[in-house]
1. Can you pull the semi-axes for region 6-162, root of five times each eigenvalue of the Cα gyration tensor, sorted largest first, whole Å?
2. So what's the gap between the Cα centers of region 118-166 and region 1-68, to the nearest angstrom?
3. Mind jotting down the distance between the C-alpha centroids of region 96-114 and region 174-209, whole Å?
4. Show the residues, 5+ positions off or on another chain, whose built amide H is closer than 5 Å to the amide H of Ser162.
5. Compute the acute angle (0 to 90°) between the alpha-carbon long axis of helix 89-98 and the principal axis of greatest extent of the alpha-carbon atoms of the chain; round to the nearest 10°.
6. So, how do all the Cα-to-Cα distances of region 194-283 break down into 10 Å bins, in percent, from 0 on up?
7. Give me Rg over Rh for the chain, both radii from the alpha carbons and Rh done the Kirkwood way, two decimal places.
8. Which far-off residues, 5 or more places away or on another chain, put their amide H under 5 Å from the one on His115, with H placed in the peptide plane?
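Derivation of every value follows stated rules applied to the coordinates shown; laboratory data play no part. Keep in mind that this is a model prediction, so the values were computed, not measured. Every residue, glycine as well, gets a Cβ built from its backbone with ideal geometry; the counts of neighbours run over all protein chains shown.
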Amino acid sequence: MEQLSVVKNTYIQYIDQVIQNHKVSHAYLIEIDSYEEDLIYVESFIKMILCNVSYEELEHCENPILSLIDHQNYPDIQYIEPDGNTIKKSQLLDLQKEYSNQSLMGGKRIYIIHHAEKMNAASANTMLKFLEEPDEDIIAFLVTENRYHLLETILSRCQILSLKEENLSISVEDDLLELLKVVLFPKDFFLKYRYFIENVIVDKTDAILKFKKIEDIIICYLHQKNGMSSELESSFSLVIEKCSQEKILTVLSILEEELPKLEYNVNYKLWLDSLFSKIIIGG
């Protein structure tokens, strides 16, 4: 049997629970590392839903619809790919029109949007309306290599699953260490505001990169604490372990919620103020 990573094992355990508990959501956003390597896990989840089997049972399942899915011939699955460099509004309107008709197979209907981050403003708003009024027999799968490139309003209406392997080998950088300290102990941020703006977070792009690294560092620490394979420099660990588990999880949750907003927030300094205000209140 293939030796799977922690990330993939976690994903499989989750989708098994979804099937077992009959708790399939109306929309999933699945973040992947590579279409070539990870799309099979997205397709496995879809097969499990349509065949009502576990991940392990799927290997021995003889349901004839599996072959149709493999050849993209299953009539109740629609695939959307970018038209050129973008996914256009007209593609989603055609999808909505198609799904206003009855299911051809009498079961769940599924649509898969590959490279979902390539929706333009018009198509993203059309997608949002589709998600806001879900049909119980229609399931969306949005596949992306970077969830932070999608509208926060779309993310908030999807169950987010990740097949993205975190970089769990992080070296010490002085500015990251200082930023980590103020993220976990935010009262110092406003005292050092000018220093951070001039030296650590000089623009919006820098803010996105630095705070994503801070998120990775915290995840790496949690993996390490739970006995999972990861490497984290002791300087980071020494800072994080001064916090309670509850505070660490609260900060991580706030970062996961706020990072997508930074992509669409023109004034990153206002975003910083809001982020640290929430951390102070939440922590």
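1. 24, 19, 15
2. 18 Å
3. Cα centroid of region 174-209 versus Cα centroid of region 96-114: 47 Å apart.
4. Counting only residues 5 or more places away or on other chains, the set is Glu31.
5. Roughly 40 degrees, rounded to the nearest 10.
6. Bin by bin from 0 Å, the calculated values are 15, 45, 32, 7.
7. Ratio value, two decimals: 1.01.
8. Excluding prolines and chain starts, which carry no amide H, the hits are Val143.
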